[in-house]
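I have placed the structure first, in the form of C-alpha cells, so that the comments after it can refer back to it.
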Amino acid sequence: MYPLQTERPYALNQWYVAAWSHEVGRTIFERKILGQSLVFYRTQAGKPIAMDNACPHRRYALSNGRLEGDDIECAYHGFKFNGNGKCVHVPQQDKIPAAFVTRTYPLVECWQWVWIWMGDPDKADPSLIPDSKWFKDKEPGWRGFAGAVDLLKARYMLLHENLLDLSHLGFLHARNIGTPRVAQSAVEFEVRSDHMALWRNVNSDEFENQPLGKLMGVKGLVDRVMEQQFFAPNLHITGPAFYSAREGGVNPGQSFGAFRVFHGITPETPTTTHYFWGCSRNFEIEDNELDNIMRKFLRGVVDEDIEASETIERLITTGGTLVPEISAISDGAGLRGRRIMQSLIEKDLG
Ligand code: FES
Ligand SMILES: [Fe+2]
C-alpha cells in the first residue's frame, strides 16, 4: 500500500500506543486499533484490559455493555466476560463451555501510555517497548505533560514521513516554530540497534520573536540542536535544544532550555491514524500553567501536520497516485523509514 511497496497495511508483531493511561478507567470505551474494534477498561485493582469489542455470542458491541466488578456484561443477552476474556455467566444455563472465550490483548503501561500488542501473544515481549529513559520521566530537571490523541483521516505512513523530514518546519510551521534556516540545514541520520537517530544543527538563527522563543525567554540569535529518534513502527521523539548562538549570540553557549515531543502513531485502519502526542521540558518545571500554554502551542503545530497529512491522503485516495514522486536529498531519512517499516511487515510474513 503506497507509500509502502506491500499490500499488507501494517506490522502486527509490534507494540503500539493504544491509549493514554488516564483514558483507561472504570468506564468502558471503544477504539479501533490496526483495523480491530476493541474495548478498554480497568479492573478494580487497576489493571488495564483490552478485548475484542464484538461479543462472541451475536457480535453486539461490548462497548455498549456495563462493568460488574471486573467483568463486562453484554447489553444484548447478558453474557458476562472476565478480564481474561473467559465467559463467566450465561443467563438460562449453568454450564459454560470452555470455548466461550473472547480474545484479550497484552497491554503494558509505559510513560503515560498504554501500549498494546496486536500480533501473536507469545511474542509480546515488554522489553521491546522503547526504554522509559527516552521519556526523561524520572530524570531530575524534566517535567512531562500529556498532550492529546487525535484521529487523522490519513494513513500512518504520511505522519511518519512528516516527522522524518523536519525541513517542513521552515514552511508548514513558519508561523510558530520553524525558520527558513531549519529547512536549509542538512540532516544526518544513522540506523542503530533499536531506533533510527537523526540530528541537525541550525546555527545563528532568529527565534526570539517566535511564540516559543518568547515562552523560553530567548534573547538574540540562537543555535538550535535538533535531535530525534524513530522507534519503528510506532514512536518518534523530536527534541530541540536552544542555546545563545556561539556566533552572534548575546551570551554564547547559554542554554535557553530543551524539550522532547513524543509522537505515538498507531494505525486505526489502513487510511486512518491515531496520533498520541505529549511533551517533556527542562525549563520552568514548577510552572503548571506553562503545561497548558505549551499544550496549546503544540496543538497549533500538530494541527498543521494533520492538515498536511489529510490533504495528501485526499489527493492520493481520490486523485490516484498518477503524479510520480520526486525525492530530494532531504528525503533520505524518510525513504529509509519506509524501508524499515516495510521490512517489519515482511518479517511478520516470515
Ligand atoms: S450478543 Fe452479547 S450476549 Fe448476545
Ligand atoms: Fe510538523
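The values are calculated or read from the model by the stated rules, or taken from the named source; none is laboratory data. If you're wondering where the values come from, they're calculated on a predicted model, not measured in any experiment. A quick note on method: Cβ atoms are made from the backbone with ideal geometry, for glycine too, and the neighbour counts reach across all protein chains shown.
On the given criteria, is LYS47 free of Cβ contacts under 8 Å to residues at least 24 places away in the same chain, more than 16 Å from ligand 2 (Cβ to nearest atom) and not assigned by TED's automatic domain parsing to the domain that holds ASN234?
Against the criterion (free of Cβ contacts under 8 Å to residues at least 24 places away in the same chain, more than 16 Å from ligand 2 (Cβ to nearest atom) and not assigned by TED's automatic domain parsing to the domain that holds ASN234), LYS47 does not qualify.
Table: residues versus (1) hydrophobic (A, V, I, L, M, F, W, C); (2) closer than 30 Å to LYS296 by Cβ.
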| position | (1), (2) |
| --- | --- |
| SER37 | no, no |
| TYR60 | no, no |
| GLU68 | no, no |
| GLY78 | no, no |
| VAL88 | yes, no |
| ARG143 | no, yes |
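Take the residues of the stretch 156-179 that are more than 27 Å from THR271 (Cα to Cα) and touching a strand residue (DSSP E or B) at 6+ places or on another chain (Cβ under 9 Å): which is farthest from ligand 2 (Cβ to nearest atom)? Top of the filtered list is THR179. Could you say whether any residue in the stretch 81-90 is more than 30 Å from PHE231 (Cα to Cα) and in contact with a helix residue (DSSP H, G or I) (Cβ under 8 Å, 6 or more places away or on another chain)? Yes: the stretch 81-90 contains one or more residues that are more than 30 Å from PHE231 (Cα to Cα) and in contact with a helix residue (DSSP H, G or I) (Cβ under 8 Å, 6 or more places away or on another chain). For the stretch 84-136, filtered to residues that are touching a residue at least 60 places away in the same chain (Cβ under 8 Å) and touching a His at 6+ places or on another chain (Cβ under 9 Å), the residue that is nearest to VAL39 (Cα to Cα) is GLN112. The strands (runs of 3 or more DSSP E) found entirely in the stretch 50-117 that carry 2 or more residues being closer than 24 Å to LEU12 by Cα are 107-110, 113-117. The condition (being among the hydrophobic types (A, V, I, L, M, F, W, C), surrounded by fewer than 17 Cβ atoms within 10 Å (Cβ to Cβ) and over 20 Å from the mean Cα position of the chain (by Cα)) is satisfied by just one residue among ILE316, ILE326: ILE326.
May I ask you to verify whether VAL90 is surrounded by 14 or more Cβ atoms within 10 Å (Cβ to Cβ), outside the structural domain of ASN234 (by TED's automatic domain parsing) and away from ligand 1 (no atom under 16 Å from the Cβ)? Taking the combined requirement at face value, the residue does not satisfy it.
Quick check, is SER330 away from ligand 1 (no atom under 16 Å from the Cβ), in contact with a Ser or Thr (Cβ under 8 Å, 6 or more places away or on another chain) and farther than 30 Å from ASP122 by Cβ?
Judged against the criteria, SER330 is a match.
Among the residues in the stretch 200-220, are any under 26 Å from ARG338 (Cα atoms), in a helix (DSSP H, G or I), at pLDDT below 95 and within 16 Å of ligand 2 (Cβ to nearest atom)? Checked against the condition, which is being under 26 Å from ARG338 (Cα atoms), in a helix (DSSP H, G or I), at pLDDT below 95 and within 16 Å of ligand 2 (Cβ to nearest atom), the stretch 200-220 yields no hits at all. Filter the stretch 127-164 down to the residues that are surrounded by fewer than 22 Cβ atoms within 10 Å (Cβ to Cβ), under 22 Å from THR6 (Cα atoms) and in contact with a Gly (Cβ under 6 Å, 6 or more places away or on another chain) and list them by number. Hit for the stretch 127-164 is GLU161, nothing else.
In the stretch 39-47, is there at least one residue being touching a strand residue (DSSP E or B) at 6+ places or on another chain (Cβ under 6 Å) and among the polar types (S, T, N, Q)?
Looking through the stretch 39-47, none of the residues is touching a strand residue (DSSP E or B) at 6+ places or on another chain (Cβ under 6 Å) and among the polar types (S, T, N, Q).
Any residue at all in the stretch 27-35 that's in contact with a Phe, Trp or Tyr (Cβ under 8 Å, 6 or more places away or on another chain) and of a type in the set (S, T, N, Q)? Looking through the stretch 27-35, at least one residue is in contact with a Phe, Trp or Tyr (Cβ under 8 Å, 6 or more places away or on another chain) and of a type in the set (S, T, N, Q).
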